[in-house]
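Working notes, beginning with the structure itself.
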Amino acid sequence: MNHFVAIDHIGIAVTDIDEAVAFYGVTFGVHEWERIELPERAMRVAVARYGESAVELIAPTSADAAFAKYLAEKGPGMHHIAYRVTDINASLADLKAQGLRLIDEAPRPGLHGTLVAFIHPKATMGTLIELVQHV
């Protein structure tokens, strides 16, 4: 079963959203960012679209953010790659049946009305993978 339809986005962990947005503007000419505050997740996000894909800059606003420990240990850089799927429930069921270690056994709400679920990097050769279904 081919699960992936497209690369939805690449998530990049940063320590400072404003600094990262400024860097992308000066270095790559990327000036159109959607900024999203997620206080319930203790993080701030900036999203730049490139056709059907996006870059998602993610910064913690406190040590309680899900990826704050990751950022403290590994430093800024690519955090995850997100693949678009057509049926996230079917994809999760198939991956679970294959014995893959899932972080999310059921989809949860993501940005822009999506459903998302993460696959543990130990099950995917070291890369945190996010599945995204646009609904």
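Observations on the structure shown:
- 0 to 90° range, to nearest 10: angle between helix 17-28 axis and the chain longest Cα axis: 80
- Which of V5, V21, V132 has the fewest Cβ neighbours within 10 Å, and the rest in rising order: V5, V21, V132
- Gyration tensor (alpha-carbon) shape descriptor, region 65-135, a/c threshold 1.5: oblate
- Estimated from helical segments only, the mean residue ellipticity of the chain at 222 nm is -6000 deg cm²/dmol, where each DSSP H run of four or more residues counts as -39500 (n - 2.57).
- Aspartates and glutamates whose Cα lies under 13 Å from that of K69, excluding same-chain neighbours fewer than 8 positions away: none
- Gaussian network model of the chain, springs between alpha carbon atoms under 10 Å - residue of I103, I17, I58 with greatest fluctuation: I103
- Normalised contact order of the chain, rounded percent, pairs of Cα under 8 Å and 6 or more residues apart: 25
- Angle of helix 88-97 to the longest C-alpha principal axis of the chain, folded into 0 to 90 degrees and rounded to 10: 60°.
- Dividing the Cα radius of gyration of the chain by its Kirkwood radius returns 0.97 for Rg/Rh.
Every number here is computed from the coordinates shown, using simple stated rules; none is lab data. Note that the structure is predicted; figures quoted are calculated from it, not measured. So basically every Cβ, Gly included, is an ideal-geometry build from the backbone, and we count neighbours across all protein chains shown.
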